[in-house]
Amino acid sequence: MTDYDSIIRFWQEKNISNDAELSEALNGQSVLFAYNSGKIENNNVTYNDTREIFDHDGVTSYTGDLRTLFEIRNSKNAYELLLVSFNEKRPFDEALLKAFQKELTQMTYDTRRWQIGERPGEYKRHDFVTGRNEIGAHPEDVKEEMDELLEELTDIPNEKALTAAAYFHAKFENIHPFADGNGRCGRLAMNYFLLIHNHPPITIHEEDRKFYYSALESWDTVQDLSPLVTFLKEQTVKTWVKRIC
């Protein structure tokens, strides 16, 4: 049995059914996820600041920029929304994705985005560059493409959860449905999808971002999902292997 298989069995044997059990099972992973997910796109995020906000709802002697502080605080709010949503067995749908993105981006939209009508919790109204050769879906196409993606993810058996989650994440980042926060929202939403399919959530470690971006690029350029599936399996092991040793 591989480490990945052992971790899946370890998780499924917990038979988690509510937010209290989920919070206990995560036991610190929430901070590591928030720190790593935030730092992938914002190098000013620190582990100590993230830990203080999650543990004490504030930081001492903070000297960084306010946007970073808001992003960290928002990540805590988004994590709490994930717990509540899991407890309520909330469906994986447009409303949930918009709620996650809104929590993650409150008070962080820059003046330009705000002036041209972009708002947290709403699909984008303008094009934004997402990579070397991509701008994402055109704003007028976002809702249709997201509806199609979410429809494809209905009735997924638990044993196909990781592949389906990888497909969601690759497509979501390719569509780039929001004006900001797509990476953080996509990673959080992917974990919610995994949780409701009895799969442990994954921390994508910031030091592995080069391999992460490369795996996403494989989907963007040649629609090859296998590098991302392999990467997510490796990150699952990296996230959880110390808990089963």
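Taking segment 44-99, which residues are part of a loop (DSSP other than H, G, I, E, B), touching an Asp or Glu at 6+ places or on another chain (Cβ under 8 Å) and not polar (S, T, N, Q)? Reasoning before the result, please.
Here is the first cut: in segment 44-99, the residues part of a loop (DSSP other than H, G, I, E, B) are 44-46, 57-65, 88-93.
Remaining after also requiring touching an Asp or Glu at 6+ places or on another chain (Cβ under 8 Å): 44-45, 58-60, 62, 64.
Passing the criteria: Val45, Gly58, Val59, Tyr62, Gly64.
Residue-wise test of (1) without any contact (Cβ under 8 Å) to a residue 12 or more places away in the chain; (2) under 17 Å from the mean Cα position of the chain (by Cα); (3) closer than 19 Å to Pro200 by Cα.
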{"position": "His56", "(1), (2), (3)": "yes, no, no"}
{"position": "Asp65", "(1), (2), (3)": "no, no, no"}
{"position": "Asn77", "(1), (2), (3)": "no, yes, no"}
{"position": "Leu83", "(1), (2), (3)": "no, yes, yes"}
| task | Go through the residues of segment 180-191 one by one and say whether even a single one is surrounded by 21 or more Cβ atoms within 10 Å (Cβ to Cβ), over 26 Å from His126 (Cβ atoms) and in contact (Cβ under 8 Å) with a residue 24 or more places away in the chain. | result | yes
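Condition check ((1) surrounded by fewer than 21 Cβ atoms within 10 Å (Cβ to Cβ); (2) out of contact with any Leu (no Cβ under 8 Å at 6 or more places or on another chain); (3) part of a helix (DSSP H, G or I); (4) of a type in the set (Lys, Arg)) across all residues:
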position	(1), (2), (3), (4)
Phe178	no, yes, no, no
Pro200	no, no, no, no
Lys210	yes, yes, yes, yes
Ser218	yes, no, yes, no
Asp224	yes, yes, no, no
Pro227	yes, yes, yes, no
Trp240	no, yes, yes, no
| message | Among the residues in segment 123-132, are any within 25 Å of Asp65 (Cβ to Cβ) and at pLDDT 95 or above? | response | yes
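Tally time: how many residues in segment 154-176 are in a loop (DSSP other than H, G, I, E, B) and of a type in the set (Asp, Glu)? If you could, list the steps in order and put the result at the bottom.
Looking only at segment 154-176, we keep the residues that are in a loop (DSSP other than H, G, I, E, B), and these are 154-157, 176.
In the following step, the residues that additionally are of a type in the set (Asp, Glu) were identified as 155.
Final tally of qualifying residues: 1.
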| message | Which count do you get for residues in segment 51-104 that are more than 27 Å from Asn198 (Cα to Cα), of a type in the set (S, T, N, Q) and surrounded by 15 or more Cβ atoms within 10 Å (Cβ to Cβ)? | response | 1
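The values are calculated or read from the model by the stated rules, or taken from the named source; none is laboratory data. None of the values given here were measured: they were computed from a predicted structure. As a convention, Cβ positions derive from the backbone with ideal geometry for all residues, glycine included, and neighbour counts pool all protein chains shown.
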